[in-house]
Protein chains: 2
Amino acid sequence: MTRWLDDGEQRTWRAFLAASQRIQEELDRQLQRDSGMPHTYYAILVRLSEAEKRKMRMSELAGSVGSSPSRLSHAVARLEERGWVRREPCESDRRVSWAVLTDEGLAILVSAAPGHVEAVRRTLFDRLGPEQVEQLSEICMAILKGVEVQDPVLRDPAS
Amino acid sequence: MTRWLDDGEQRTWRAFLAASQRIQEELDRQLQRDSGMPHTYYAILVRLSEAEKRKMRMSELAGSVGSSPSRLSHAVARLEERGWVRREPCESDRRVSWAVLTDEGLAILVSAAPGHVEAVRRTLFDRLGPEQVEQLSEICMAILKGVEVQDPVLRDPAS
DNA sequence: ATAGGAAAGTTGAGCTCTCAAGTATTGTAC
DNA sequence: GTACAATACTTGAGAGCTCAACTTTCCTAT
C-alpha cells in the first residue's frame, strides 16, 4: 500500500521543488547572461581550478561535479571549442584523458565568479538566518548520505 | 568588493547543489523508466488533476508548475500527442486556451503516482527527522519569499 | 472609433542532457 | 599468453529547455 504524503509533507515537497528549481534557474540565467555559460560548465571550471596543476581525469571530474561520463564528455568538448579547457592524453594509462583548465578558462572563471557568488548570496544565503544555514547543511548531508559524492569539499571530517 | 563564501557556506552551498541535483535526477530517472515521462510532465498532470474540471488556462498552469510559457507550450504539445492532455479554446477570451486532462492522462497519472511517491520518500523524507522536515519547509518558504509562486498548495495561510 | 500597447500563446533554432551503443585499453583467469 | 571481462571515455540520436521573434486577441486612452 502506498504511503501517500500528508498535507505537511506535500507542502514541504512542493516548496522544496519550487525553491531548488528557482535557484537553479536563477543561477543558470545569471551565468548565461553575464558569462555565456550554463551552471554545469561553471562547476567544471571551478573543480579544475581547485585541482592539482589545474587538471583532472575525466572520470574524477565527472564524479566531482556529479555528472555522467557522457554529459561530461559532451561538456568538455564544448569547453574545448571555446579554448577554456584542453584535453591531454595520460601516459601511464592510455584509456584516461586529462582535462586541463587553460589560462583563458581560468580568466573566464575569475571574471564570472563575483557575479555568480553575488547571485548565490541573493537567492540563498541572504534569505536565511545562520541557524537555518546550519540546518540546511545537515539536511543536505543527510540526503546525500550513502550516495557517492566525489566533491572533496563535501568529504572532509568537520560535519 | 565581492563577499566570498566562507568555508561553512561553501560546504552548505555545494551540499545543497548536490542534494537537489540528486533528487531531481533520481525522480526524473524513476519516472522516465517506470512511466515514460520526465518529472516536469508529471507535475503538469498533477496540477491538472487537482484543478476544477481537470482544466486550466495555459498561463495558470505555467505559473503553477513554475514553467515559462514557452516550455509549457512545448510540453503540452507533447502531452497532446500522447493523448494525455487536450487543448480547448476559451469562449470568453479567444487568446487563452484550456489544457484539459484526458481520461487517459488521468489513468497514466494514477498508475505513475505510487512509484513516484515511493521515490520521493526514499530520496527525501525517509532520510530526515520530523524536525528536519519542518526546518526544510521553512527554509524553502524563505527562499521563495517575494517570488511569485502560483502553486495553490504553497499559498495558503498555515505557514 | 481607433491606434498603441499589453497579454496569451506558439514557433523555430540552437543547445544541453540522456540513453544506448561503440571503441580502445587494461586487468584477470586459466 | 590468450580469451574475457572490466574500465575509461566517446559518439549519435532523440528529447526537453531557453531565448527571441511572431501572431492573435484584448484593453485602454484619446
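The values are calculated or read from the model by the stated rules, or taken from the named source; none is laboratory data. Predicted model only: the values in this text are computed from it and were never measured. Note that each Cβ is placed from the backbone with ideal geometry, even for glycine, and that neighbours are counted across all protein chains shown. Quick note on the areas: whole protein, heavy atoms, side chains included, nothing else; ligands and nucleic acids left out. Shrake-Rupley method; radii C 1.70, N 1.55, O 1.52, S 1.80 Å.
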Qualifying positions in segment A:62-80 - more than 8 Å from DNA strand D (Cβ to nearest atom) and away from chain B (no Cβ under 13 Å): A:ALA75, A:ARG78, A:LEU79, A:GLU80
Segment B:1-32, residues that are part of a helix (DSSP H, G or I), closer than 19 Å to A:PRO114 by Cβ and polar (S, T, N, Q): B:GLN10
Residue within segment A:68-79 that is open to solvent by less than 60 Å² (accessible area, probe 1.4 Å), farther than 27 Å from B:ARG127 by Cα and more than 16 Å from DNA strand C (Cβ to nearest atom) present: no
Criterion: away from DNA strand D (no atom under 13 Å from the Cβ), open to solvent by 30 Å² or more (accessible area, probe 1.4 Å), more than 17 Å from the chain's Cα centre (by Cα) and β-branched (Val, Ile, Thr) - qualifying residue of B:THR2, B:THR12: B:THR2
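Okay, residues lined up against (1) within 11 Å of another protein chain (Cβ to nearest Cβ); (2) under 17 Å from A:LEU31 (Cβ atoms); (3) open to solvent by 20 Å² or more (accessible area, probe 1.4 Å); (4) of a type in the set (Lys, Arg):
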site: A:LEU45; (1), (2), (3), (4): no, yes, no, no
site: A:LEU48; (1), (2), (3), (4): no, yes, no, no
site: A:LYS55; (1), (2), (3), (4): no, no, yes, yes
site: A:GLU91; (1), (2), (3), (4): no, no, yes, no
site: A:ALA99; (1), (2), (3), (4): no, no, no, no
site: A:THR123; (1), (2), (3), (4): yes, yes, no, no
site: A:GLU134; (1), (2), (3), (4): yes, no, yes, no
Test: residue in segment A:105-116 that is within 12 Å of chain B (Cβ to nearest Cβ), more than 21 Å from A:GLU25 (Cα to Cα) and open to solvent by 30 Å² or more (accessible area, probe 1.4 Å): yes
Any hit, segment B:81-104, residues being out of contact with any helix residue (DSSP H, G or I) (no Cβ under 6 Å at 6 or more places or on another chain), within 15 Å of DNA strand C (Cβ to nearest atom) and assigned to a helix (DSSP H, G or I): yes
B:ALA107 being in a helix (DSSP H, G or I) and within 11 Å of DNA strand C (Cβ to nearest atom): no
A:GLN24 open to solvent by 30 Å² or more (accessible area, probe 1.4 Å) and either away from DNA strand D (no atom under 11 Å from the Cβ) or at pLDDT 95 or above (or both): yes
Residue list for segment B:33-62, filter: assigned to a helix (DSSP H, G or I) and either modelled with pLDDT under 95 or near DNA strand C (Cβ under 9 Å from one of its atoms) (or both): B:ARG33, B:MET58, B:SER59, B:GLU60, B:LEU61, B:ALA62
In segment B:88-141, the residues that are among the charged types (D, E, K, R), within 14 Å of B:SER35 (Cβ to Cβ) and touching a Phe, Trp or Tyr at 6+ places or on another chain (Cβ under 9 Å): B:GLU104
